[in-house]
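> This is the structure I want to talk about, given as structure tokens.
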Amino acid sequence: MNNIIEYCLTKKGAVKDFPFGPDILVIKVAGKMFALIFESRNTINLKCDPVIAENLREQHENVQPGYHMNKKHWNTVLINESLDESDVLPMIDHSYDLVFGKLPKSTREAIMMRI
């Protein structure tokens with residue numbers, strides 16, 4: 001799970017937050033959540049286009065509707081032997097891109113200008 005967290009934090013403007021207590025890690029960009037990580041459960045919640053979300057759920061039994069989230073727009077992904085971290089990285093990219101793309105243009109530009 002550490003690799004997943006590190007990967008999330010490589011995204012431009014990504015920061016850790018613990019708004020739900022010390023056991024639930026939230027990764028945000030410009031104050032907007034794109035990943036919610038339950039390390040004790042080995043799961044990550046990721047935002048997803050509804051059509052892609054349905055396809056992923058059909059393809060992988062370890063991808064389920066978002067736990068405590070809007071089930072149309074969020075998936076919960078169980079990281080284990082049948083779905084390893086390398087399968088999850090494109091899902092993280094997609095989640096980040098969806099959230100980043102909805103930010104105001106000036107905010108996106110400011111984030112991209114940071115080193």
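The values are calculated or read from the model by the stated rules, or taken from the named source; none is laboratory data. Keep in mind that this is a model prediction, so the values were computed, not measured. Every residue, glycine among them, receives a Cβ derived from its backbone with ideal geometry; neighbour counts consider all protein chains shown.
> Here are the criteria: (1) among the hydrophobic types (A, V, I, L, M, F, W, C); (2) in contact with a Gly (Cβ under 9 Å, 6 or more places away or on another chain); (3) under 29 Å from Ser106 (Cβ atoms). Tell me which single one Ala53 does not satisfy.
Of everything listed in (1) among the hydrophobic types (A, V, I, L, M, F, W, C); (2) in contact with a Gly (Cβ under 9 Å, 6 or more places away or on another chain); (3) under 29 Å from Ser106 (Cβ atoms), Ala53 misses just condition (3).
Every residue, every condition in (1) surrounded by 14 or more Cβ atoms within 10 Å (Cβ to Cβ); (2) closer than 19 Å to Lys11 by Cβ; (3) at pLDDT 95 or above; (4) not aromatic (Phe, Trp, Tyr), yes or no:
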residue: Ile52; (1), (2), (3), (4): no, yes, yes, yes
residue: Asn55; (1), (2), (3), (4): no, no, yes, yes
residue: Glu61; (1), (2), (3), (4): no, no, no, yes
residue: His68; (1), (2), (3), (4): no, no, no, yes
residue: Asp87; (1), (2), (3), (4): yes, yes, no, yes
residue: Ile92; (1), (2), (3), (4): yes, yes, yes, yes
residue: Asp97; (1), (2), (3), (4): yes, yes, yes, yes
residue: Glu109; (1), (2), (3), (4): no, yes, yes, yes
residue: Met113; (1), (2), (3), (4): no, yes, no, yes
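> Does Asn80 satisfy the criteria of being of a type in the set (S, T, N, Q) and over 18 Å from Phe20 (Cβ atoms)?
yes
> Within segment 1-33, restricting attention to residues that are touching a helix residue (DSSP H, G or I) at 6+ places or on another chain (Cβ under 7 Å) and within 19 Å of Asp84 (Cα to Cα), which residue is surrounded by the most Cβ atoms within 10 Å (Cβ to Cβ)?
Looking at residues that are touching a helix residue (DSSP H, G or I) at 6+ places or on another chain (Cβ under 7 Å) and within 19 Å of Asp84 (Cα to Cα), I get Cys8.
> Check every one of the strands (runs of 3 or more DSSP E) wholly within segment 15-112 and list those with 3 or more residues that are touching a residue at least 12 places away in the same chain (Cβ under 8 Å), under 16 Å from Met1 (Cα atoms) and not β-branched (Val, Ile, Thr).
So the answer is 32-38.
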